[in-house]
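K.L.:
Submitted below is the structure of interest, expressed as structure tokens.
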Amino acid sequence: MRKIALLCVAFVLAACSGTDGESQTSAPETPKTPEEAALGTYEVTQADGTKMTSVISADRTYTDAIRGEVVEWGSWEIKDGKTCFMPETEGKEPACYTDSEPDADGAFTSTPDDGDPVQVRKLS
């Protein structure tokens, strides 16, 4: 499904977000690449209200689960500023997503090239 792609977009947005004007009391962090920022676990809410959990891993794989049951898996990459998912799950098609700027809570909208946008929130 294309839900996974939304997770990737979230990672890209997280990598691009920053804080300006804050004083630093420790050494500055090394900037993360978009790929590093995308890693983690996300809650994805589809247009019909269905929620799923997407996990984006450093080995360039992802899994999507609904109520603990894996419904899609495959590989991911960031290409031309979009998070793209290449599912290995039978019957699923590759999809790329463009993410909005995250809100104050880190939630954002991820819009696929084809299909309905999803709401994404990074859990870890």
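The values are calculated or read from the model by the stated rules, or taken from the named source; none is laboratory data. Only a predicted model underlies this, so the values are computations on that prediction, with no experimental measurement involved. FYI the Cβ positions are ideal-geometry reconstructions off the backbone, even for glycines, and counts take in every protein chain you see.
K.L.:
For the range 94-110, how many residues are buried (at least 18 other Cβ atoms within 10 Å of the Cβ) and more than 20 Å from SER57 (Cα to Cα)? Explain how you work it out, then say what you get.
P.N.:
Let us first name the residues in the range 94-110 that are buried (at least 18 other Cβ atoms within 10 Å of the Cβ), namely 95-99, 102, 108-110.
Remaining after also requiring more than 20 Å from SER57 (Cα to Cα): 102, 109.
The total comes to 2.
K.L.:
Does at least one position in the range 22-30 carry a residue that is part of a loop (DSSP other than H, G, I, E, B) and either at pLDDT 95 or above or surrounded by 15 or more Cβ atoms within 10 Å (Cβ to Cβ) (or both)?
P.N.:
Taking the range 22-30 and keeping what is part of a loop (DSSP other than H, G, I, E, B), we get 22-30.
Still in the list and also either at pLDDT 95 or above or surrounded by 15 or more Cβ atoms within 10 Å (Cβ to Cβ) (or both): none.
For the range 22-30, residues part of a loop (DSSP other than H, G, I, E, B) and either at pLDDT 95 or above or surrounded by 15 or more Cβ atoms within 10 Å (Cβ to Cβ) (or both): absent.
K.L.:
If I ask for residues that are of a type outside the set (Gly, Ala, Ser) and assigned to a loop (DSSP other than H, G, I, E, B), which ones from the range 44-90 would you list? Let's see the steps before the verdict.
P.N.:
Taking the range 44-90 as the starting set, the residues that turn out to be of a type outside the set (Gly, Ala, Ser) are 44-46, 48, 50-53, 55-56, 59-64, 66-67, 69-73, 76-80, 82-90.
Correct list: GLN46, ASP48, THR50, ASP59, ARG60, ARG67, ASP80, GLU88, THR89, GLU90.
K.L.:
For the range 62-93, give me each residue that is surrounded by 14 or more Cβ atoms within 10 Å (Cβ to Cβ) and under 22 Å from THR33 (Cβ atoms). Walk me through how you get there before you give the answer.
P.N.:
The first filter runs over the range 62-93 and keeps only residues surrounded by 14 or more Cβ atoms within 10 Å (Cβ to Cβ), leaving 62-66, 71-78, 82-87, 89, 92.
Listed by number, the residues that qualify are TYR62, THR63, GLY74, SER75, TRP76, GLU77, ILE78, LYS82, THR83, CYS84, PHE85, MET86.
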